[in-house]
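Step one of this worksheet: look at the structure below.
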Amino acid sequence: MNSEEPLKELNEFAQKLGLFKQNYLLLKRALAHRSFVHETGGESNERLEFLGDSVLSLVISEYIYKNFPHKSEGDLSKWRAYLVSSHSLAGIAKRIELGNYLLLGVGEDKSGGRERRSLLADAMEALIAAIYLEYGWERVKEFIINLWEPLIAQMNKYNQPIDSKTLLQETLQSKGSAPKYKLLSAKGPDHNRVYSVAVYDEDRLLGKGSGKSKKEAEQEAAEKALKILE
């Protein structure tokens, strides 16, 4: 997003969401990455992210508790962990094209920040918090359930979390093959390391991914591989 002219994009996203049409302040903060704030001033989405994490967890916990009465506490905990994971958050953020509207610094934008799983997940949590603060509990619950219900239905169908690595494994196995993951690089200090991973079908490169852990990078690589195979 052009940091000098955010209002047009904010208005477009507000119209798409059907929210924040009269007041862009919270929406802008939810989309503002610290790299953007460093260049322009203001407040980043990090505090909203903190709140949104708790709001999402409670909404999901309540929903699966009420709708799956025969599941054990252990199963419910596993389901919740997957549903509030960065993988799920980023996937839903991509579904609503949130990345197109992120407020990023120039360097972060050029380095592919709009597609980065961690940024998308963080901004999704911040957006949830902004909706909660602006509209209250019932409205944010409606927003979350509408977006998460298809994922919950898929989990219920297979009776387990179905992530990109699992789907890729099943897709290739049906063709008599299997994915192979290769670590390409691990850059940065220990507390902020970024891993890059590639996934192959024999010698054919299917996708590359990056993340704060090898597991996260593999998930992103598998997600891109699935898009190619589709």
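The values are calculated or read from the model by the stated rules, or taken from the named source; none is laboratory data. Small disclaimer: the values here were computed from a predicted structure and weren't measured. Every residue, glycine among them, receives a Cβ derived from its backbone with ideal geometry; neighbour counts consider all protein chains shown.
The residues of segment 16-61 that are on the phi > 0 side of the Ramachandran plot and in contact (Cβ under 8 Å) with a residue 12 or more places away in the chain, listed by number, are F20, G42. Taking segment 94-114 only, how many residues are assigned to a helix (DSSP H, G or I) and in contact with a Pro (Cβ under 7 Å, 6 or more places away or on another chain)? Final tally of qualifying residues: 0. Within segment 79-103, no residue that is at positive phi and of a type in the set (K, R) sits with its Cβ atom under 9 Å from a residue that is outside any loop (DSSP other than H, G, I, E, B) and modelled with pLDDT of 95 or more at 6+ positions apart or across chains. Applying the condition of being without any contact (Cβ under 8 Å) to a residue 12 or more places away in the chain and either over 24 Å from the mean Cα position of the chain (by Cα) or assigned by TED's automatic domain parsing to the domain that holds Q154 (or both) to segment 190-204 and asking which residue is surrounded by the most Cβ atoms within 10 Å (Cβ to Cβ) yields R204.
Table: residues versus (1) in a helix (DSSP H, G or I); (2) free of Cβ contacts under 8 Å to residues at least 12 places away in the same chain; (3) within 17 Å of G211 (Cβ to Cβ); (4) of a type outside the set (G, A, S).
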residue: A121; (1), (2), (3), (4): yes, no, yes, no
residue: A129; (1), (2), (3), (4): yes, no, no, no
residue: L147; (1), (2), (3), (4): yes, no, no, yes
residue: I152; (1), (2), (3), (4): yes, no, no, yes
residue: L168; (1), (2), (3), (4): yes, no, yes, yes
residue: K180; (1), (2), (3), (4): no, no, no, yes
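If you check L168, L102, L147 for being out of contact with any strand residue (DSSP E or B) (no Cβ under 6 Å at 6 or more places or on another chain) and crowded, with 20+ Cβ neighbours inside 10 Å, only one passes: L102. Among the residues of segment 76-86, is there at least one that is farther than 29 Å from E108 by Cβ and crowded, with 16+ Cβ neighbours inside 10 Å? Yes, segment 76-86 has at least one match.
Would you be able to say whether some residue in segment 127-148 is closer than 26 Å to E218 by Cβ and out of contact with any Gly (no Cβ under 8 Å at 6 or more places or on another chain)? Scanning segment 127-148 turns up at least one residue that is closer than 26 Å to E218 by Cβ and out of contact with any Gly (no Cβ under 8 Å at 6 or more places or on another chain).
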